[in-house]
1. Per 0.36 nm of contour for each residue apart, how much would the distance between Lys47 and Ala30 grow if the chain were fully extended, relative to their Cα-Cα spacing?
2. Given points 7 Å out from each Cα along the Cα-Cβ axis, report the Leu39 to Ile16 separation in nanometres with one decimal.
3. Residue by residue, what Karplus-based ³J(HN,Hα) values in Hz, rounded to whole numbers, does region 37-51 have, using 6.51, -1.76 and 1.60 with θ = phi - 60° and x for Gly and Pro?
Amino acid sequence: MVWSEKYERRDLSVDIEILKRASEYYGKIAALECKVGQLAIELDLLKSEIQHSPAQNHRLLSQSHRMKLHKRM
């Protein structure tokens with residue numbers, strides 16, 4: 001059935017529900033993209049720090065572990 005026929009019959013409720021669900025999914029996708037970007041930046045920072053100062057590896061890894069534990073709380 002064509003949308004114009006649905007409009008004439010006032011039967012667009014299913015299409016509206018689909019649009020609402022799609023909007024929710026886009027919001028979730030955007031949040032996941034932000035999280036992936038944040039994690040990529042953190043990973044790049046840790047990699048560069050490890051390469052520049054191997055003596056501080058233990059301290060940095062400990063900080064990273066504490067940050068993860070703090071975020072879970």
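Where a number appears in this text, it was derived from the coordinates with a stated rule and is not lab data. Here the structure is a predicted model, which means the values were calculated and not measured. So basically every Cβ, Gly included, is an ideal-geometry build from the backbone, and we count neighbours across all protein chains shown.
1. Values: separation 17, 0.36 × 17 = 6.12 nm, distance 2.57 nm.
Going from the current span to full extension adds 3.5 nm.
2. Result: 3.8 nm between the two label points.
3. 3J(HN,Hα) across region 37-51, in whole Hz: x, 4, 5, 5, 5, 4, 5, 4, 4, 5, 4, 5, 5, 5, 5.
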